[in-house]
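Taken together, the values in this text are just the output of simple stated rules run on the coordinates, not laboratory data. Source: prediction; values computed, not measured. Cβ: placed from backbone, ideal geometry, glycine included. Neighbour counts: every protein chain shown.
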């Protein structure tokens, strides 16, 4: 007889589909390949007709790099206005979610999207519905965002005539893909942004953030002044041993796309000079050459609340599943709802929460939420 978990887990074919999609995105080496994979693989998988993806990081690029699939560049300004001016109820709320996936039907009725859209169009009569397909054919959609950081995002949209409801299965599958797809978005758009500079040294000299180009054997190739002052290193020096080991683990983790047990975007942290930073490692080797690999290493101050919350959960040594349960608890979901979203039983959710309570030294759900919020 099948166990309770067998009855509610995602079927094996979903996991195989996720692995295939992740492999396709990991193979992208250019913006054209990324857009083609988005259009030919991701959109059809969810019966979507259009979407957009973007990346922004003030350490690297000031403007938000946003690319569309299924919409023209001329239509982009109207879409950005609708989602960016606070006109869209879901978009305004999504920024405050701890979870990284949400959208129509599962989080907010699609009628709310359309009511928001009508109010936005009434406020902006200069936008002609027939000349902007988004306002004319948009039916429903799902958003994916990076947590922590909010530096990468994806939206996928169903148009008129594609009316089926979004399900919790859709949400779970997208959440398991999310860390890998957003990583590919960041990597490819980072490469595109770096091509604006004559050399990486130009970027590092212009940045006020602690970042460096690291060569093989963890030798500093170039670094910004902030990085050099923070770690007391300069070009040609070796990274401190503990930082080098941390970077090794990050490179190995990023190179293992088969890790799809959860939708958690793992974070690495490094403490120096009495301050803790979130560490980000991105490959700069577009062609994956073995002879001269190099990486961009960045230190992010924990100024955003999701990063501070992630540090607290990291220090408490929560597992990825325990982190998922924490995140959904902080977003206000009951055990049954958490189980429905993670495809585990409410009893399993309760077991995870009991372990979380012990690790974070809290006794109730309210204490857990307050403890995590105090980290913000």
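A few remarks follow.
- Ordering of 357-366, 93-102, 144-153 by packing is 144-153, 93-102, 357-366, highest average first (other Cβ atoms within 10 Å, averaged per residue).
- Counting Cα-Cα pairs of the stretch 316-374 in 5 Å increments starting at 0 gives whole-percent bin shares of 4, 22, 35, 26, 11, 2.
- Taken as Cα centroids, the stretch 218-282 and the stretch 31-74 sit 28 Å apart, rounded to the nearest whole angstrom.
- Residues considered: 350, 13, 35. Largest GNM mean-square fluctuation over the chain, using C-alpha springs under 10 Å, is found at 13.
- Protection proxy ranking, highest mean first, for peptides 184-195, 240-251: 184-195, 240-251, where packing is the per-residue count of other beta-carbon atoms within 10 Å, averaged.
- Listed candidates (1) 22.1; (2) 23.5; (3) 25.0 - label of the one calculated as Kirkwood radius over Cα pairs in Å: (1)
- Rg(Cα) / (2.2 N^0.38 Å) computed for the stretch 198-281, rounded to two decimals: 1.18
- The stretch 240-280 - Rg over Rh from alpha carbon coordinates, Kirkwood radius: 1.04
- Put in line by how crowded their Cβ is, counting other Cβ atoms within 10 Å and starting with the fewest, 341, 354 read 354, 341.
- The chain, helix-only ellipticity at 222 nm - DSSP H runs n ≥ 4, -39,500 (n - 2.57), divided by all residues, nearest 500: -14000 deg cm²/dmol
- Per-selection metrics, the stretch 131-259 (Cα): Rg and Dmax in Å: 20.1, 60
- Rg to Rh, two decimals, where the stretch 4-193 supplies the alpha carbon set and Rh follows Kirkwood: 0.95
- Annotation: average projected area of the stretch 29-83 is 4.6 square nanometres, based on the convex hull of Cα atoms across all directions.
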